[in-house]
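Read through the structure below, which is laid out as structure tokens, and then see the notes.
The values are calculated or read from the model by the stated rules, or taken from the named source; none is laboratory data. Because the structure is a prediction, the values reported are computed rather than measured. Please note: Cβ atoms are built from the backbone with ideal geometry, for glycine as well, and neighbour counts cover all protein chains shown.
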Amino acid sequence: MPEASRPAARRTIPQPDPTGALRGSELSELELTLAIDDAAKRQALFGPADRHLRMIRSIFNVTIAARESSIKLSGRNDAVSQAAKVLAALQERVRAGATISEDDVSDAIAAAALTNGPANGQSIDVYTANASIVPRTEGQATYIDAIRNNDLTLCLGPAGTGKTYLAVAVCVAMLKAREIRRVVLVRPAVEAGEKLGFLPGDMQAKVNPYLRPLFDAMHDMMGFDQIKRFMDNDVIEVIPLAFMRGRTLNHSAVILDEAQNSTPAQMLMFLTRMGQHSKMIVTGDASQTDLPDGQSSGLNDAVRRLRGIDNVAVVELERCDIVRHRLVQDIVHAYDGQSRAR
């Protein structure tokens with residue numbers, strides 16, 4: 001059985017362990033002083049009320065002493081090295097005249113934590129110039145490997161882990177490399193807890209609200225005119241799940257997004273559309289099912305039935321793989337705890 005098809009083990013971003021349970025050089029103490037290029041831009045670098053520095057300190061468990069023209073870091077060797085990389089990356093942004101948000105700090109922290117990790121060298125080449133996409137956590141790196149090495153990948157994970165975005169990126173890269181001839185993006189047309197009634201317009205206008213997240217990801221990876229040209233020529237197709245019946249998709253990459261809102265019968269219908277020289281990626285969050293009460297999720301059913309089959313990968317992303325706003329991890333954790341208590 002290929003390595004990627006085994007159940008995913010629990011992963012964490014490689015951060016310093018506050019308990020000190022590390023070995024070798026990681027345990028040694030280090031003090032490092034970094035020069036600030038322009039003392040007048042300290043506010044941009046440090047953040048309001050030194051918020052950026054507090055984020056770095058809490059993540060890497062280092063001591064930070066900020067002065068007019070320098071920053072002194074002290075703590076375990078590995079933690080200080082990673083914190084220094086974050087500050088260097090932020091200084092580059094300040095030097096270029098860019099503003100720094102908390103999301104930028106979170107991105108720099110994730111990148112520094114993975115400098116020597118398995119995500120290195122996994123850049124995804126899309127159409128937009130200077131927009132290469134890289135995994136930002138170990139879980140995301142595992143996910144990309146699974147897509148590349150298996151014909152069917154089932155990915156479960158909470159909101160913000162990049163399930164859809166990375167799947168679209170890999171498929172766009174395959175299209176650019178001419179490994180496939182078509183990308184098909186599929187989503188169940190299920191409303192999230194409220195009834196919108198009959199929507200005006202033709203079929204495309206009616207389903208567009210449900211498919212908007214897929215379009216949003218696509219727009220980050222190629223220009224508007226190129227997307228329109230590809231859609232006009234059926235190179236890119238975005239359709240609701242109900243319209244998949246009867247299709248056979250050869251030389252295609254097919255993504256089923258929000259698969260937790262499919263039924264087992266719909267999932268079987270979708271999976272059996274796979275043709276020759278094609279890949280399928282199924283993504284979803286089992287904690288956000290919008291199916292009627294008592295209706296089984298096709299995603300959970302498929303994972304149970306297909307786990308362990310050759311050329312099928314099951315990847316389970318976790319809270320540590322969330323790369324959206326830093327509060328999303330806390331929100332997911334809070335709601336997960338509430339669900340378990342019931």
_Residues within segment 140-163 that are touching a strand residue (DSSP E or B) at 6+ places or on another chain (Cβ under 7 Å), hydroxyl-bearing (Ser, Thr, Tyr) and more than 15 Å from Gln260 (Cα to Cα), tallied_ = 2
*Top-ranked residue in segment 229-261 [being of a type in the set (Lys, Arg) and in a loop (DSSP other than H, G, I, E, B); ranked as farthest from Tyr127 (Cα to Cα)]*: Arg245
*Selection status of Gln266, touching a Gly at 6+ places or on another chain (Cβ under 6 Å) and either crowded, with 22+ Cβ neighbours inside 10 Å or more than 24 Å from Ile144 (Cβ to Cβ) (or both)*: yes
*Hey, does segment 172-180 have a residue that's at pLDDT 90 or above and either of a type in the set (Val, Ile, Thr) or over 19 Å from Val254 (Cα atoms) (or both)?*
yes
_Pairs with Cβ under 7 Å, 6+ apart, first in segment 71-96 and free of Cβ contacts under 8 Å to residues at least 24 places away in the same chain, second surrounded by 22 or more Cβ atoms within 10 Å (Cβ to Cβ) and assigned to a helix (DSSP H, G or I)_ = Ala89/Ala108
*All positions within segment 146-160 that are buried (at least 19 other Cβ atoms within 10 Å of the Cβ) and within 26 Å of Leu249 (Cβ to Cβ)*: Ala146, Ile147, Asn150, Leu152, Thr153, Leu154, Cys155, Leu156, Gly157
